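First the structure, in the form of structure tokens, and then the observations on it.
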Amino acid sequence: MMSSSFINRFALCAASGLALGMAFPKFDFSALAWVAFVPLFYAIEGEPLGRVFGWAFLAGFASFATSMYWIVVPLHDFAGVRFELAILPMLLLAAVMAIFSGFAVWIGAAAARRLRISIVITMPIAWAAVEWLRTYFPIGFPWNLLGYTAYQHLELIQFAEFTGVYGISALIVFFNAVVYVVIFRRGASRTQALSLATLTGLMIAILGFGAWRLADLRGEKPAGTIRAAMVQADIPQSLKWDPNFLPQSFKIYQDETTAIAKRGADLIVWPEAAAAFYFQPDDRYPAEFASDAAYRNALLALARSTGVPILFGAPALSVRDGRLGFYNRAYLVSAKGDVVAHYDKMQLVPFGEYVPFRAVLGFIVNRVVPGMGDMFAGTGQTLFPLDGAKLGILICYESIFPDLTRREVKAGAEVLVNITNDAWYGKSSAPYQTLAMAAMRSAETKAPMIRAANTGITAVIKPSGEITESTPLFKRGTEIGVVAWRPVRTFYTLAGDVFAETCFVLTVIALLAAWRFPRKLKPLEALAEQLATQNGRSRAAH
């Protein structure tokens, strides 16, 4: 029979995870993120480190299951998986992601206990370090990093230009830790006072800088502007790749493009894979793809007839290592109907566009996206020239990778263009979450973004991260926005993930020191800690 202590801790951790999950879009109860860890910190107090991991894992699982329920939608609606079975992969992914949460909290608790350091120091550093690790290992899936919960608070997120989103995550954990230490009077009174004073000063400095930066961005004369038209065609995913529907879908883009060109635009942007046929850089097609060649010619003719450059997504056939496959590609066609440049998506979607660890998983996992085997990943970034501006391209999922975006801006991109197709996710939270993550890329690099989505959310994102000209989901139409860029190169753009990497190094050092050189308490200190632990367990039991 489960004890009341276990049930209380279980409830606290589940509540902590649920609150954190509700802080992300589209729930957007962002204030919850700033207190969501407090129940978890209370629950793990006095627990052995092995149980600390388990409780933190539970909180993480509840958080990711709440915020990533959308995974069920593409599996059920487009892969034909029964609903009750489609839930299982979502729960599995939530469990995998929760391992990182458990590990981060475990590290913070272990370092704090064995080195006699307050969690206000260890927890934020460990959390940022593990989030950075999750961005790259084992397959790279930095979805819903904690800092994204603050995307709507523009003054607050401006300091991401120094630390990236990882700094915002660390700040939120630091805030939680200080609230816990002060409210429940953990540690010496001096520690509590110093923690609260540090948090107060830090928040004043961050918000003050944010207010100044926003005013600076508004007042600075732009280096140039683009009048961009973004076509949201609202093509149902169930019909998108149906050859019988291709004439109708292409006509939608033709009509929208022709109409918007008459209103005046410097660039017309179509979403990811808007051209639902193979578009090759030149006109050499195998005979069996003659119809694709005809559509290619029609698209080039459309650019010539409107006199406006078109940036669009399309698959492209290729052969690599003797194997036929295709790229997820973006093209820029000039107003004269010439192919100016193309970019191949580098960061492919795991289990959607390729199967990671295929040698192990390939025999039991089928891709969600139909097509000829795995997609080929691009090998380098390409900047698109447009009237003196350089455009950096992000295809769909790529916008959630901070370093990928900042390398484009460092290479010279002045305006970011994110083309995407979020039709897979229906009206779930996923389109709102991808938009929030894309907005953070602009806040980090201070480069504006043009975002064109098949079914939404299409938007223009300012260098501050402010989302403008946004469209409703599943509404056909074309939005026009004036995109202004400024000659700003942020510290994050130039230096990269120095903050997160420093946190990672400090975390490794802390783990080694906690293992090899734990600090021993004096007898009176040990007795005091023992009493505090017993009191903590007693409170949890009641």
Can you name every residue in the range 390-427 that is modelled with pLDDT of 95 or more and of a type in the set (Gly, Ala, Ser)? Gly392, Ser399, Ala411, Gly412, Ala413
Given (1) among the aliphatic types (A, V, I, L, M); (2) closer than 30 Å to Thr490 by Cβ; (3) assigned by TED's automatic domain parsing to the domain that holds Lys427; (4) not in a loop (DSSP other than H, G, I, E, B), index of the condition Met203 fails: (3)
Is it the case that Leu302 is of a type outside the set (Ser, Thr, Tyr) and at pLDDT 95 or above? yes
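Go through the range 33-82 residue by residue and tally those that are without any contact (Cβ under 8 Å) to a residue 24 or more places away in the chain and in a helix (DSSP H, G or I). Spell out how you get there, then give the answer.
Here is the first cut: in the range 33-82, the residues without any contact (Cβ under 8 Å) to a residue 24 or more places away in the chain are 48, 50-51, 71-72, 76, 80-82.
So of that shortlist, the ones also in a helix (DSSP H, G or I) come out as 50-51, 71-72, 76.
So the count comes out to 5.
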Is it true that some residue in the range 441-448 is within 27 Å of Leu317 (Cβ to Cβ) and either crowded, with 23+ Cβ neighbours inside 10 Å or modelled with pLDDT under 95 (or both)? no
Before we move on, is Ala109 over 28 Å from Ala514 (Cα atoms), outside the structural domain of Val355 (by TED's automatic domain parsing) and buried (at least 22 other Cβ atoms within 10 Å of the Cβ)? no
Given the range 400-516, what helices (runs of 4 or more DSSP H) lie entirely inside it while holding 1 or more residues that are of a type in the set (Gly, Ala, Ser)? 430-445, 491-495, 498-516
Can you find, within the range 455-504, the residue that is surrounded by the fewest Cβ atoms within 10 Å (Cβ to Cβ) among those that are more than 23 Å from Thr135 (Cβ to Cβ), of a type in the set (Val, Ile, Thr) and out of contact with any strand residue (DSSP E or B) (no Cβ under 6 Å at 6 or more places or on another chain)? Val488
Given the criteria surrounded by fewer than 23 Cβ atoms within 10 Å (Cβ to Cβ) and not acidic (Asp, Glu), does Gly388 qualify? yes
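Checking the condition over 24 Å from the mean Cα position of the chain (by Cα) and not hydroxyl-bearing (Ser, Thr, Tyr), which residue from Gly50, Gly60, Gly21, Gly17 passes?
None of the other options fit; the residue is Gly50.
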All-but-one check, Glu131 against (1) acidic (Asp, Glu); (2) in contact (Cβ under 8 Å) with a residue 60 or more places away in the chain; (3) surrounded by fewer than 24 Cβ atoms within 10 Å (Cβ to Cβ), failing number (3)
Enumerate the helices (runs of 4 or more DSSP H) found wholly within the range 110-194, keeping only those where 2 or more residues are under 16 Å from the mean Cα position of the chain (by Cα) and at negative phi. 119-136, 160-163, 165-183
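The values are calculated or read from the model by the stated rules, or taken from the named source; none is laboratory data. This one's a predicted model, so the numbers in the text were calculated from it and none came from an experiment. Positions of Cβ are generated from backbone atoms using ideal geometry, with glycine treated the same way; all protein chains shown enter the neighbour counts.
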